[in-house]
Amino acid sequence: MAGAPLRFVLAAACVAAACGTSAPPPKHAKEPKHDERTLLKEAQEDARNGDYEASDKKFAEAYAQSKDFEVLEDRVDMLIHAAGKATKAVGVAKEFYDTNLTDVRGFNLYAEALLAAADGENALKVAEEILKINPEDPSGHEKKGRALIVLEKNEEGLDELRRAKDLDVKSSTYHLSLGNALLQLKHVDEAALEFRAAIKYSPDDSDANVQLGAALRQQQEFDDAKHYLDKALELDPRSGSAHFELGLLYNAESNQADAEVELLKAVQLSPNNSLYWYGAGELYRLEERLDDAMRAYKKSVDIDPPYPKALQKYGLILLERKQYDDAEIVLTQAIHREPNNAANYLNLGLTQAAKSRYKAAIENLETYLKKAPKGDPDIDRARETLEKLKRRR
């Protein structure tokens, strides 16, 4: 540790002074190799304390000494879920993947990192490599399914996730992955069944209890939802996801004071989760606390990867505040993350119109009109603005 060499030097000096001799200083012994188990414990402790840079360095040193794949997995997991550094996690996983071309563990780890970085295209390629090695590998089907969901090929994705579950029906992991995709796609009833199956096979899985609570909240079964969220916190008192879902539950019950408490706990426990900061921003925006909302959205935007809808909402507030240059940058990023989100094209078009960039504004407003769902309340506004811009051009 940083203080240890200093203490050693001071102790040696005191011994020499007490002896009162002019004996030559002792030769420095070779510093012993830092035990990888100690490094691993220190890496985990640094991560809990929020010092992710130190944690990453110690994980890397521990792996260099031990070559234990589980240490590498822990490092990648820390980078993704604690540090909010999905891009770096991709690089770490890819290094093992590139140098261990026959080790399927590396394929799975690399695909997991790519999925965390929302790189569905490359995750799909790696998942297909897993299935070339073994077409019946449930992990390959699970990774492929999640990649297809990222790419918005939803039905194909669900088919792959169901295949993974059927290949290993007692694995809570595959029930949970399928349930998460179903919940994301608003198939709430089916999602709840998958989460119940996950709990059946892994009753002490905190995440499965959180997700069942989330599904029950969406079914407006608030008491049952709270039961499972409380159970999740019994299993893992530091679960940011459980506090986040409790915040959404209290919000649904119009209990804004408790909702804010739980959302703040979520971001305190998981400060690099972009979704949690987005949720806090939404709560503040609904309460018209726009400065607080801006700060929360900005936090979400700065995390790797950012939560896509945080980019949209952050850009919208920048537009409303006439910070057009910043709004254009953020909304362009939002379109890159969510190319099918019509609202981003509308807001970018309005931003560019305010900057007298009429050609670009017209293109984005026309794209908005192509992508906007029927009944979107902003369609008439977009058409009127488009007509005015075409007359000015």
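The values are calculated or read from the model by the stated rules, or taken from the named source; none is laboratory data. Since the structure is predicted, the reported quantities are computational estimates derived from the model, not experimental observations. Because the Cβ atoms are built from the backbone with ideal geometry, glycine has one as well, and the counts that use them run over all protein chains shown.
All conditions but one from (1) surrounded by fewer than 21 Cβ atoms within 10 Å (Cβ to Cβ); (2) closer than 20 Å to Asp159 by Cβ; (3) of a type outside the set (D, E, K, R) apply to Asn122; the one that does not is (2). Across segment 50-75, the qualifying residues are those that are within 19 Å of the chain's Cα centre (by Cα) and closer than 21 Å to Asp302 by Cβ, and the one among them that is modelled with the lowest pLDDT is Gly50.
Scanning segment 271-297 for residues that are surrounded by fewer than 21 Cβ atoms within 10 Å (Cβ to Cβ) and within 15 Å of the chain's Cα centre (by Cα) turns up Pro271, Leu275. One residue stands out in segment 227-270 among those that are part of a loop (DSSP other than H, G, I, E, B) and in contact with a helix residue (DSSP H, G or I) (Cβ under 8 Å, 6 or more places away or on another chain): the one that is farthest from Ala334 (Cα to Cα), namely Asp236. The conditions of being over 30 Å from Glu61 (Cα atoms), free of Cβ contacts under 8 Å to residues at least 60 places away in the same chain, part of a helix (DSSP H, G or I) and small (Gly, Ala, Ser) are not met by Ala127. Here Leu176 passes the criteria (1) within 24 Å of Met78 (Cα to Cα); (2) out of contact with any His (no Cβ under 9 Å at 6 or more places or on another chain); (3) assigned by TED's automatic domain parsing to the domain that holds Gly91; (4) part of a helix (DSSP H, G or I) except the one numbered (3). Across segment 300-320, what is the total count of residues that are more than 15 Å from Gly281 (Cβ to Cβ) and either at pLDDT below 95 or outside the structural domain of Ala354 (by TED's automatic domain parsing) (or both)? The qualifying residues number 2. For segment 78-132, which positions are among the hydroxyl-bearing types (Ser, Thr, Tyr) and closer than 23 Å to Pro306 by Cα? Selection gives Thr87, Tyr110. Only one of the numbered conditions (1) closer than 26 Å to Asp204 by Cβ; (2) not in a helix (DSSP H, G or I) is not met by Glu288, and that is (1).
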